[in-house]
Structures are given as structure tokens and as C-alpha cells.
Amino acid sequence: MRYLFLGAGAVGGTIGGRLHQSGHDVVLVARGPHLAALRKDGLHLTTPDGAHRLPVPAIGGPEEIELRPDDVLVLAVKTQHSAELIDQWAPRPVEGGGTAGERLPLVCAQNGVENERLALRRFARVYGMCVWLPSAHLEPGRVSAAGAPRTGMLHLGRFPHGTDDLAERISADLTASFFDAPVTDRVMDWKYGKLLSNLPNALEAVAGPIDGELRMRLWERGQAEGRAVLAAAGIAHPSEEEQRARRGDRMTLMPLPGVERGGGSSWQSLARGTGDIEADWLNGEIVLLGRLHGVPTPLNTTLQQLAGDFAREGRPAGSLPESDLAALLDL
């Protein structure tokens, strides 16, 4: 099989780089300065086992490659960029006849729970992947992942549910490439559990590291809103205890030489000045479900709005004044 990573940032670059290290056929799809750096110097992947320069092929889009029947497309961008890539890749012809949307599997290696629904409109074979992968991408051509002894945990299954032989094959490749990759017939349960853990991303992005009494109280309130919404919607998900037990000590965060520890994916969007952020699909998912099921979500609503404002206005990550942060407790 050949893996095409539609998005080669922190997640796509790390998974693709690790698969490449294990001898698998990998192509990274990127854009702008990141693509230029990948083409010039390869992918620089820093992990606890060292700094690696990997000559992974990189392209800018579907017009630069001939698709094969054994290709696996891995969507690894933030949700706000999913529809554009799905629309670009679904109609592309595949060797032997048919289109990518008709013939090729698409794996959604992404946070949130909307990507799979977007993909299923254009792709007949969609797989969900719950990504537990502490990683970073702040400079063109460079990604880092601090987990050890395993780089990450990637639950995988068919969407909306079920498993098949391809999921098992992908799992085997990932397991041989520094990941734990359990195959599950209820992958979306795990993705909803991850959604809850991603709700503080917006808080971290606008207010900095979640430490101290004030930030912890806000973290707990946002989580409580999320749990209430999922309960009202009847959406199953593993508990925090079950998730921690599953990960165990498989992904201990280690210091990386020459890599300064930053924040999560939303913080990184602000730090890179991308102009957009994922909050509409994380906190916004809870807001949507809350409105559908009559559950108030004042904190997640405000965090969604704040994060969007920070991204559009180019405000620095973590720069929300303490007085504004404290006012969130009165919502």
C-alpha cells in the first residue's frame, strides 16, 4: 500500500514520517513554505529517539500524482480545511478506472467528529481515526513528537461503525511504526471521548497553559458542559478513566533536544498566525449539540467566539488579559 497524507503538519508529518522510517511507501501533501522546505531538505522529524531527516516525497496537490488502486488517503488537516481537500481529491481518476471517491479509502486522522460526515458525501469508504499524538509543527519542514515508548495511540475503524481487513492492515503497519493502533468497531465513541479532552484547546490558545486555580476551574466547567451535552444527545464515549487506562504509560512525554515545549494544536495555529482555528469544530460541536438538545453551553460558546476572534485578528497565543479570563467564571 501507498499512504498519501493530505496534510503534513504535526499529525500527518509525524505519522507519515514514522511509516516512512519503517519502509512504507509514503507521499506527503503540503503547501506554501512547508512544501518548499520538504522538497528542499526533506522532513525533519524530532522524537525521543533522535532527530531524523527523512527524504519523504512531497507534492502540492492531486494533479502532481497518478493515483493507484492500492493508495490509502489520510486526511490530516484541521476540520476547517477538510471540505476543500475532499473536493479536490474525490474526483481524481484512479489507475484502472473509477475515481478516488469511488475506489480509494479515506482515513480521517483528525480531531472533532464532523470530518467523517463530510468525507462520506464524496468517498464511499471512510475510516475514522482517534488521534492521541502529542506533536508540534511550528516551522516549515519540521515536526516533533514527544511520546515514548510509543509515538502515539491511533484507534481506527470504519465510519460510521465496523471494521474490515483494510483497517487491520493499516493497524499492522502503524503498530510496526512506533504507534499503538487498536482496531475498534465503535471508533466514533473514541472520537467523542477525544472531543471532550480537546475542549480546553481554545482556553489554552487564548489564555496560555492550563494551570492554577482559575484556569482549572474554567477547564472543569467546560468539560462539564461537554459531558452534559453528550449525555442529553445519547452519545456514548469512553470515560476519562477508561481512556487513561488504555493509554497507560505507553506515551510518556519526554524532553526533546532543541525543541521548546509549546501548546496544543489550537495554540499552534495562533502561534503560526494561520488566520484560522479549529474551535468551531471542537467547542462549536458542543455548542451545536447543546442547542439541538436544549442544554446551555455558555463557556464553550464564549471560548469558540474568543478563539475565532484571536485567529482572525492575529492576536498572540496566550495573551488574554487575566481580568477577561476571570470574567468567564461569571457566565
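Residues considered: 316, 134, 257. Largest GNM mean-square fluctuation over the chain, using C-alpha springs under 10 Å, is found at 257. Using a simple spin-label model with pseudo-atoms 7 Å out from Cα toward Cβ, residue 138 and residue 250 lie 2.8 nm apart. With the helix formula -39500 (n - 2.57) applied to DSSP H stretches of n ≥ 4, the chain reaches a computed 222 nm mean residue ellipticity of -12500 deg cm²/dmol.
Taking R0 as 25 Å, what's the FRET efficiency between residue 240 and residue 271 from their Cβ-Cβ distance, rounded to 0.05? Computed FRET efficiency for residue 240 and residue 271: 0.35. Within the chain, antiparallel bridges make up roughly 40 percent of the DSSP beta bridges whose residues both belong there. For the chain, the residue among 107, 97, 4 whose Cα projects farthest onto the positive side of the dipole built from Cβ charges is 97. Test of understanding: in a Gaussian network model of the chain with alpha carbons linked when under 10 Å, which of 65, 286, 277 would top the mean-square fluctuation ranking? So, out of 65, 286, 277, the one fluctuating most is 65.
With all protein chains kept in place, the per residue accessible area of the chain amounts to 42 square angstrom at a probe of 1.4 angstrom.
Helix 298-313 and the longest principal axis of the Cα set of the chain meet at an angle near 60°. Counting only residues at least eight positions apart within a chain, or on another chain, the lysines with an alpha carbon under 23 Å from that of residue 78 are 191, 194. Using θ = phi - 60° in the Karplus curve 6.51 cos²θ - 1.76 cosθ + 1.60, the 3J(HN,Hα) couplings for region 80-96 round to 5, 10, 5, 4, 4, 6, 4, 5, 5, 8, 4, x, 5, x, 10, 3, x Hz; x is entered for Gly and Pro.
Rounded to the nearest 20 debye, the dipole magnitude of region 201-331 is 280 debye, with +1 charges on Lys and Arg beta carbons, -1 on Asp and Glu beta carbons, and the Cα centre as origin.
Evaluate E = 1/(1 + (r/R0)^6) for residue 313 and residue 291, where r is the Cβ-Cβ distance and R0 equals 25 Å; express this FRET efficiency to the nearest 0.05. After rounding to 0.05, the efficiency reads 0.45.
All other residues whose Cβ lies under 14 angstrom from that of residue 145 are scored, Lys and Arg at +1 and Asp and Glu at -1, for a net of +3. Among the listed values [x] 0.96; [y] 1.04; [z] 0.92, the one matching Cα Rg over 2.2 N^0.38 Å as calculated from this structure is [x].
Only the Cβ atoms of Lys and Arg (+1) and of Asp and Glu (-1) were treated as charged; on that basis the dipole of region 48-150 about its Cα centre amounts to roughly 280 debye.
Take the solvent-accessible surface of the protein heavy atoms, probe 1.4 Å, and return the percent of it on region 100-196 that carbon and sulfur atoms account for. Answer for region 100-196: carbon and sulfur cover 47 percent of the accessible area. Of the residues 83, 146, 271, the one that moves most in a GNM of the chain with alpha-carbon contacts below 10 Å is 83. With loop membership from DSSP and a limit of 12 other Cβ atoms within 10 Å, the longest segment of the chain without GluC sites (Glu not before Pro) is 96-259.
Each principal axis of the Cα cloud of region 1-80 was taken in turn, and the coordinate range along them, longest first, works out to 34, 27, 26 Å. Structural size metrics of region 1-136, computed from C-alpha coordinates, are Rg and Dmax of 14.2, 43 Å.
The values are calculated or read from the model by the stated rules, or taken from the named source; none is laboratory data. Quick caveat, the model's predicted, so the values are computed rather than measured. Glycine also receives a Cβ, built like all others from the backbone with ideal geometry; neighbour counts cover every protein chain displayed. Areas reflect the complete protein model, heavy atoms only, side chains present, ligands, DNA and RNA absent. Shrake-Rupley method; radii C 1.70, N 1.55, O 1.52, S 1.80 Å.
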